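Dumping the structure here so I can ask a few things about it.
Nothing in this text is a laboratory measurement; each read-out follows from the coordinates by a stated rule. Computed from a predicted structure; not experimentally measured. Virtual Cβ from ideal backbone geometry, glycine too; neighbours counted across all protein chains shown.
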């Protein structure tokens, strides 16, 4: 994957950690995380412009859709919850090297359903938690890609937990 794209992914993750309550930004983060998971899941996409186009295209598309459908908050919450749940599930499976093609999509769909149900019920908290988790996953995934997979799974997992926790605390404190 191109270095500029990795740096862009890390930067988006950092921005999400601090300002993730904005729906368009959360949508862009969900799209980027979903794009990174798809590019890593499908062999051959990560090294060319096609991977960058998928990641940036999904980030922009879902970010714009979050703006367009902002008036449909419940529907938006369920849609973003489904996408966030699926993207988080795919990224966690990928972190532990458990992504196995078709079954990863089935498990991600289950994570998406859980995300949709939770997003509808606890909208404000789901936004904060999703922003923290997605921002942390983008930062740690980007750092892992930057060093060509040289970070241990334990270090990446601890980084995700610490960054997400600090982000949720920071944004909840301002709430």
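Could you state the angle between the C-alpha long axis of helix 73-95 and the longest principal axis of the C-alpha atoms of the chain, as a value from 0 to 90 degrees rounded to the nearest 10?
Around 30 degrees separate the two axes.
A further question follows. Which ordering of 9, 114, 42 is given by a fewest-first count of other beta-carbon atoms within 10 Å?
42, 114, 9
Taking springs between alpha-carbon atoms closer than 10 angstrom, which of 13, 150, 63 fluctuates most in the Gaussian network model of the chain?
Most flexible of the set in this elastic network: 150.
Let me ask another. Sorting check: for 26-35, 65-74, 51-60, 161-170, which peptide has the highest mean count of neighbouring beta carbons within 10 Å, and how do the rest follow?
26-35, 51-60, 161-170, 65-74
By how many degrees, between 0 and 90 and to the nearest 10, does the Cα long axis of helix 153-174 differ from the longest principal axis of the chain?
Here the helix axis deviates by roughly 20 degrees.
Let me ask you something else. Between 0 and 90 degrees, rounded to the nearest ten: what's the tilt of helix 3-19 against the longest Cα principal axis of the chain?
The two axes meet at around 20 degrees.
Let me have the relative contact order for the chain, percent, based on Cα pairs under 8 Å that are six or more residues apart.
This gives 31 percent for the chain.
Right, something else. Given the Cα-Cα distance of residue 22 and residue 47 and 0.36 nm per residue of separation, how much length would full extension add, in nm?
So the extension gain works out to 5.9 nm.
For the chain, what does -39500 (n - 2.57) per DSSP helix run (n ≥ 4), summed and divided by total residues, give at 222 nm, in deg cm²/dmol to the nearest 500?
-28500 deg cm²/dmol
With the contact rule set at Cα under 8 Å and sequence spacing of 6 or more, what percent relative contact order holds for the range 66-155?
Taking the mean separation of contacting Cα pairs over the length of the range 66-155, I get 32 percent.
Extension gain residue 117-residue 169, at 0.36 nm per residue separation less the Cα-Cα distance, in nm?
16.4 nm
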